[in-house]
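Coordinate-derived values only; no laboratory data. Worth saying up front: this structure is predicted, and the values here are computed from it rather than measured. Here the Cβ positions follow ideal geometry from the backbone for every residue, glycine too, while neighbour counts run over all protein chains shown.
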Amino acid sequence: MNSSSEFLHRALLVSLSALAGSAGAVQVSPDYFNIEIPPNIAPLNFDVEGETKSAPVVKLRASDGEELVETGAKIRFAAGAWRRFLEKHAGEAVVGTLSVDGADYAFTNRISRTPIPTHLTYRLIPPGYTGFNEVGIYQRDLTTFQERPLYRNVQGSRVQCVNCHTYNNGDPGQYLFHTRAQNAGTQVVSQKYGNMKIQPQLPSGYKFGVYPAWHPSGDFIAFSCNDTSQIFYSTNPDKIEVMDSRSDLFLYRLKDGKVTMIDEDPTLFECYPTWSPDGKYLVTSSARTPFKDLPEDQEGREKQMQEKYSQVMYDLSVRTFDEQTLTFSPRRILVNALTSKRSFTFPRISPDGRWLVFTVGPYGVFSIWHRTADLWILDIQKNEARAATELNSNASESYHCFAANGRWMVFSSRRDDGVYTRPYFAAFDPETGKFSKPFKIPVEDPSEHTNRLLSYNIPEFSDGPVRESPRQLRLLTERAPREATGK
């Protein structure tokens, strides 16, 4: 094991001393204790670390006395026995015990009655800031350990970047993803309108749509169009800043390719659209620009932006939508950045329409690079917001997604080591707005979390697998873009 792997390995360990009420040296990785478990999740395998005189034993005991028992430093539950145990005891609290060298470490896990979506899609990318020679979008079956590629940039040109995969409320028959550089465009899969490649004609200076959001009807997609750049720090622990020098919103109608600009105010940045479950309003992140008369040359633009970028803070705003006229109301501020002295990004609304979860950072629009970024939740009915402390850590928490059933959330976290982003899951109670203790995506061999030196980017739930093969998606990227009908 090299020095980098050893560092990550140590960072992933979780001490059990708090569970034991003593200063014991036993550690486990990952931490799957005192959590709520989906009844259909793959086995939560973990490793017991440290030197032991005897083989560790873990027992899960249900209320009827049935036990699931595994022995050894590497706890690997048999898939069949695990599945039957969870299905039989869904809705119950299960008492767990880890016995090591005569000491018992107790914990309690609850098996939920509500399943987690069966699949998770994410982009795997090295956390190297500039390189994307090997980037792929993958889908994981959460009921097993099976992972398969949907589209990798090495299928086409090696200079491609692929990103921003987005489902319509977890529907594997309605999704999209972007390709950049060679064969640039947005690939749209729609059972309603057919599969297509689009590259809308946008106002001068914008190259393509960026952050997308499906309208619940499946008839429209809202996009932002952004002019971004990045700078690198030499002493700042955050390492990098992705800056937005201009951004607007537009609506794309799938039946005919009609493009409608939502707002072209040159003094307003607006991005990260998300629809309400009824499709009647759009929530976005928006900010007034401090930049005036930016130079045309890239170096001059970035220098002026860097000097003022800490002043850029994004409100959460809302616009109502008239589907018949394709018009939007003026924006109304939901959460004010100026009064809060914070920047609010990545809004996501719960399926029942009551809760809005968003990312809070010190400034700017790309919160994943800010170590202090946290998740917050807003009760839309009461207009009350709070930090989702049960989810947050001392590292960055960012992109998040509700399950279509409203009972689970996945989010991105760098809590393990501060470098690599991993998906974490938490149960959600829509009555109280509270989350359970989060747990990391299970893998068959937990050492994968140490040895796989890739970040999981933009985790998105879907209620089933994508039907298209990698070859079909590659052929879709090679199509000529569909012509737009204009504004």
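A few notes on this one:
- Average projection, convex hull of the Cα set of region 39-143: 9.1 square nanometres.
- Filter on Lys88/Lys192; Lys88/Lys434; Lys192/Lys434 - keep pairs with C-alpha separation over 32 Å: Lys88/Lys192; Lys192/Lys434
- Counting every other Cβ atom within 10 Å of each residue's Cβ, Phe107, Phe439, Phe344 order from fewest to most as Phe107, Phe439, Phe344.
- Put in line by how crowded their Cβ is, counting other Cβ atoms within 10 Å and starting with the fewest, Tyr206, Tyr175 read Tyr206, Tyr175.
- Other residues with beta-carbon under 10 Å from the beta-carbon of Ser455 carry, at +1 per Lys or Arg and -1 per Asp or Glu, a net charge of +4.
- For region 119-477, the relative contact order comes to 15 percent (Cα pairs under 8 Å, sequence separation of at least 6).
- In region 53-125, Cα pairs under 8 Å separated by at least six residues give a relative contact order of 31 percent.
- The alpha carbon centroids of region 260-282 and region 374-413 are separated by 21 Å.
- Taken over the alpha carbons of region 119-477 as equal point scatterers, the Debye sum produces base-10 log I(q)/I(0) values at 0.07, 0.10, 0.12 Å⁻¹ of -0.27, -0.58, -0.88.
- Relative protection proxy for 407-416, 41-50, from highest mean packing down: 407-416, 41-50 (other beta-carbon atoms within 10 angstrom).
- Of Lys53/Lys440; Lys207/Lys440; Lys255/Lys280, pairs whose Cα-Cα distance is over 31 Å: Lys207/Lys440
- Segment Asp64..Lys382, full-extension length gain: 110.3 nm, with 0.36 nm per residue of separation and the alpha-carbon distance subtracted.
- Under 5 Å from the amide H of Ile262 lie the amide H atoms of Leu249, Phe250, Leu251, each residue being 5 or more positions distant or on a separate chain, with H modelled from the backbone and absent for Pro and chain starts.
- Euclidean distance between Cα centres, region 332-354 to region 308-327, Å: 11 Å
- Rg followed by Dmax, in Å, when region 68-214 is reduced to its Cα trace: 21.8, 71
- Residue order for Ser217, Ser99, fewest other beta carbons within 10 angstrom first, comes to Ser217, Ser99.
- For the peptides 195-202, 386-393, 118-125, the ranking by mean Cβ contacts within 10 Å, running from highest to lowest, is 118-125, 195-202, 386-393.
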